[in-house]
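The values are calculated or read from the model by the stated rules, or taken from the named source; none is laboratory data. Keep in mind that this is a model prediction, so the values were computed, not measured. Cβ: placed from backbone, ideal geometry, glycine included. Neighbour counts: every protein chain shown. We work out accessible area using only protein heavy atoms, side chains counted, and drop any ligands, DNA or RNA first. Shrake-Rupley method; radii C 1.70, N 1.55, O 1.52, S 1.80 Å.
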Amino acid sequence: MAKKIEEGPVAAATESADGDEANLDGVLAEVGPRLRRVRKERGATLAALSQSTGISVSTLSRLESGRRKPSLELLLPIARAHQVPLDELVGAPPVGDPRVRAKPIVRHGRTMVPLTRQPGGLQAYKVVEPARSVQPDPQTHEGYEWLYVLSGKLRLVLADHDVVLTAGEAAEFDTRLPHWFGSTGEGPAEFLSLFGPQGERMHVRARPAQRRPKGA
């Protein structure tokens, strides 16, 4: 049985979670005080909030004190009860700022920059592959991947195919097929990777063809 892939954009989500664990803990630690502040600003008691959300007083108290880890299942009814966006409870970046402030991930010499902030579903990365000599080690796992080369050359080994993608070329494949991609050894490469862990594919919408006037 083939082992799961250990490097590349697919593993970046796990690597990002490990590398940003301290940041995540900091965000979660701020949720409790924020819940208490929002509740007190509205003059609500724990008992009243419990009645409107269906969450026990003890659970609400533990959430506010940080002794209970917040979850979407708990935060959604609280946000509805207070009539505030979920972002206000979890301290998400302001909607007015569309920039993705991503922290680069370096794994086995490859630098990956996450371009998406939402967990689950399609994940996008900009990847910088340094020039190096690497022996292909094809792996398999669930999902679907799309690659687009921005600059340089990227070697892709997919099942029985061994190809080199150059700037402007793209490839897409089912990751249940044995695959590997990396340096050609001729120079660095930059590419975009879109990965769907559940097999999601990227859909490209084309502009509808304009109808030609009659008689033209």
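Using a probe of 1.4 angstrom and keeping all protein chains present, the accessible surface of region 32-188 works out to 57 square angstrom per residue. Note on Thr59/Arg176: beta-carbon distance plugged into 1/(1 + (r/R0)^6) with R0 of 41 Å gives a FRET efficiency of 0.50.
Using the Cβ-Cβ distance between Gln51 and Thr116 with R0 set to 35 Å, the FRET efficiency works out to roughly 0.40.
Could you tell me which of the pairs Lys103/Lys153; Lys69/Lys126; Lys103/Lys126 are separated by over 23 angstrom between their Cα atoms in the structure shown? Mind showing how you got there, number by number?
Numbers: Lys103/Lys153 25 Å; Lys69/Lys126 32 Å; Lys103/Lys126 11 Å.
Among Lys103/Lys153; Lys69/Lys126; Lys103/Lys126, the Cα-Cα distance tops 23 Å for Lys103/Lys153; Lys69/Lys126.
Note on Lys126: accessible area is roughly 70 Å² with a 1.4 Å probe, heavy atoms of protein only. As a fraction of the 1.4 Å probe accessible area of region 33-73, surface on carbon and sulfur atoms comes out at 50 percent.
Report the extension gain between Val163 and Asp137 in nm, rounded to one decimal, defined as 0.36 nm multiplied by the number of residues separating them, less their alpha carbon distance. Intermediate results must be reported in sequence, preceding the final value.
On the way: separation 26, 0.36 × 26 = 9.36 nm, distance 1.47 nm.
In short, 7.9 nm is gained.
In this simple spin-label model, placing a label point 7 Å from the Cα along the Cα-to-Cβ direction at both Glu88 and Arg42 gives a separation of 0.8 nm.
In this simple spin-label model, placing a label point 7 Å from the Cα along the Cα-to-Cβ direction at both Glu186 and Leu72 gives a separation of 4.4 nm.
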